[in-house]
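J.: Below: one structure in structure tokens.
Readers should treat all values here as calculations from the given coordinates under stated rules, not as data from a laboratory. On a predicted model such as this, the values are computed, not experimentally measured, just so you know. All Cβ positions, glycine included, derive from the backbone under ideal geometry; neighbour counts span all protein chains shown.
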Amino acid sequence: MSELPKWHGTTIMSVRKGGKVVVIGDGQVSMGNTVMKPNARKVRKLGDGSVIGGFAGATADAFTLFDRLERKLEQHGGQLLRAAVELAKDWRTDKYLRNLEAMMIVADKEVTLILTGNGDVLEPVGGVAAIGSGGNFALSAARALVDYEADAETICRKAMGIAAELCVFTNDSLTIETLDSVA
């Protein structure tokens, strides 16, 4: 019995600098070694627009998690950290949710977080985070650029360009969302 090819790869990253927080994602959706869609939107504003997020992994799973996060934000008065912790608890323990295959980066004006199905709610070092198949390329590039570029979006665009050159599951069709930041 042969397995169906798995949907693979993406790159999502976030940079917090200069009074802005940016979440950026590429648009490529691949199945095996085939590009199925070059312009998917994997980054979006959540709830009332005060939170932005991006996902790597299965699309339906990610949208389920975005919906759950929006409900948690409503329940906890828009407090992203509290909503993320509650989502992570559910994601790890709920019989249905624990089978979802995705990772998320979410950010508001105060905090950037990486969420995983293992129950992780991680705040990245230095306000720079990246996930997905090209995540390590983008993260390395952004960390190298952060001391030389003043603008968060410029850092994101340059780092994603490097990731797209190195990772075959990442392209340069970008979706970008930005919020004002206190940090």
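J.: How high is the FRET efficiency between Ser173 and Asp90 when r is their beta carbon distance and R₀ equals 41 Å, given to the nearest 0.05?
T.: My answer for the efficiency is 0.80.
J.: Can I get the semi-axes of the stretch 7-177's equivalent ellipsoid? Compute them from the C-alpha gyration tensor as square roots of 5 times the eigenvalues, in angstrom, largest first.
T.: The equivalent ellipsoid of the stretch 7-177 has semi-axes of 24, 20, 13 Å.
J.: If I model a spin label at Ala58 and Glu74 as a point 7 Å from the Cα along the Cα→Cβ vector, what separation in nanometres do I get?
T.: 2.5 nm
J.: Go through Ala84, Leu174, Ala141 and say which Cα lies farthest out towards the positive end of the charge dipole of the chain; charges sit on Cβ, +1 for Lys and Arg, -1 for Asp and Glu.
T.: My answer, from the dipole projection, is Ala84.
J.: Can you list the aspartates and glutamates whose alpha carbon sits under 14 Å from that of Lys89, skipping same-chain ones fewer than 8 residues off?
T.: Asp120
J.: Straight-line reach from Lys37: which aspartates and glutamates fall under 17 Å, measuring Cα to Cα and dropping same-chain residues less than 8 apart?
T.: Filter leaves Asp26, Asp172.
J.: Restricting attention to the stretch 91-157, which chymotrypsin sites (Phe, Trp or Tyr not before Pro) occupy a DSSP loop and are surrounded by at most 11 other Cβ atoms within 10 Å?
T.: Taking the stretch 91-157 and a limit of 11 other Cβ atoms within 10 Å, the loop chymotrypsin sites (Phe, Trp or Tyr not before Pro) found are Tyr96, Tyr148.
J.: Test of understanding: what is the full-extension gain from Asn136 to Met31, defined as 0.36 nm times their sequence separation minus their Cα-Cα distance? Kindly include the intermediate steps, with their values, before the conclusion.
T.: Working: separation 105, 0.36 × 105 = 37.80 nm, distance 2.06 nm.
Gain in length upon complete extension: 35.7 nm.
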